[in-house]
């Protein structure tokens, strides 16, 4: 087990989903970006670093039928599965994977990532993430990625992060992707602190 996996296992083994800084009862910005992408409800969608996020709950409620949630921390996925219950959890594919070592076995129409990419603080990890996106995303597919904004926190959960404005974030995906939308979000943590996020929606060129 890597140090990174051990760290995140400990975070989720010791805290409830509602007690972490990134918790959202309803991930409105992500849901809006997914809706605006026009992805079909039967198309394959992956939530990278989804962990215990409630995004999967809302997508199931909206009628999405081909959902995958990937996270490094098995305890995070276990929290989501327990919340959903066996019936709804059984409608989702759950992958315990490090995204920088992820070799997708299929192509997804939409790749969603809220707050994984900003934990990749070295070029090799970011390049590996980009390769996973290219292997796993269908031509014409959508990437939705959210990171701390340039004026957001410099650390999270005891780890350093990289911060981005929309242009800097878009450049990491290169010319294979066309930026379709950007947005800034001020996320309020469960204890009332405000964190600035940058959201980006990209379309993979055919």
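The values are calculated or read from the model by the stated rules, or taken from the named source; none is laboratory data. Worth saying up front: this structure is predicted, and the values here are computed from it rather than measured. Quick reminder, even Gly has a Cβ in these numbers, built from the backbone with ideal geometry, and neighbours come from all protein chains shown.
Given the conditions (1) surrounded by fewer than 17 Cβ atoms within 10 Å (Cβ to Cβ); (2) assigned to a helix (DSSP H, G or I); (3) in contact with a strand residue (DSSP E or B) (Cβ under 8 Å, 6 or more places away or on another chain), which single one is not true for residue 83? Evaluating residue 83 over (1) surrounded by fewer than 17 Cβ atoms within 10 Å (Cβ to Cβ); (2) assigned to a helix (DSSP H, G or I); (3) in contact with a strand residue (DSSP E or B) (Cβ under 8 Å, 6 or more places away or on another chain) leaves (3) as the failure. Residues in the range 25-43 that are modelled with pLDDT of 95 or more, under 20 Å from residue 116 (Cα atoms) and part of a loop (DSSP other than H, G, I, E, B): 26, 27.
Could we say that residue 17 is out of contact with any strand residue (DSSP E or B) (no Cβ under 6 Å at 6 or more places or on another chain), within 21 Å of residue 185 (Cβ to Cβ), surrounded by 13 or more Cβ atoms within 10 Å (Cβ to Cβ) and modelled with pLDDT under 95 here? Can you show your working first?
On the way: out of contact with any strand residue (DSSP E or B) (no Cβ under 6 Å at 6 or more places or on another chain): yes; within 21 Å of residue 185 (Cβ to Cβ): yes; surrounded by 13 or more Cβ atoms within 10 Å (Cβ to Cβ): yes; modelled with pLDDT under 95: yes.
Yes: the conditions hold for residue 17.
In the set (1) crowded, with 18+ Cβ neighbours inside 10 Å; (2) modelled with pLDDT of 95 or more; (3) closer than 24 Å to residue 9 by Cβ; (4) under 16 Å from the mean Cα position of the chain (by Cα), the condition left unmet by residue 126 is number (1). Within the range 140-160, residues that are over 29 Å from residue 107 (Cα atoms) reach partners that are outside any strand (DSSP E or B) and at pLDDT below 95 with beta carbons closer than 7 Å, at six or more positions or on different chains, in the pairs 156/21; 157/11.
Okay, residues lined up against (1) farther than 29 Å from residue 124 by Cβ; (2) surrounded by fewer than 22 Cβ atoms within 10 Å (Cβ to Cβ); (3) touching a residue at least 40 places away in the same chain (Cβ under 8 Å):
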{"position": "35", "(1), (2), (3)": "yes, yes, no"}
{"position": "46", "(1), (2), (3)": "no, no, yes"}
{"position": "54", "(1), (2), (3)": "yes, yes, no"}
{"position": "59", "(1), (2), (3)": "yes, no, no"}
{"position": "75", "(1), (2), (3)": "no, yes, yes"}
{"position": "79", "(1), (2), (3)": "yes, yes, yes"}
{"position": "87", "(1), (2), (3)": "yes, yes, no"}
{"position": "90", "(1), (2), (3)": "yes, yes, no"}
{"position": "96", "(1), (2), (3)": "no, yes, no"}
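Applying the set (1) more than 19 Å from residue 22 (Cβ to Cβ); (2) buried (at least 17 other Cβ atoms within 10 Å of the Cβ) to residue 114 leaves exactly one unmet item: (1).
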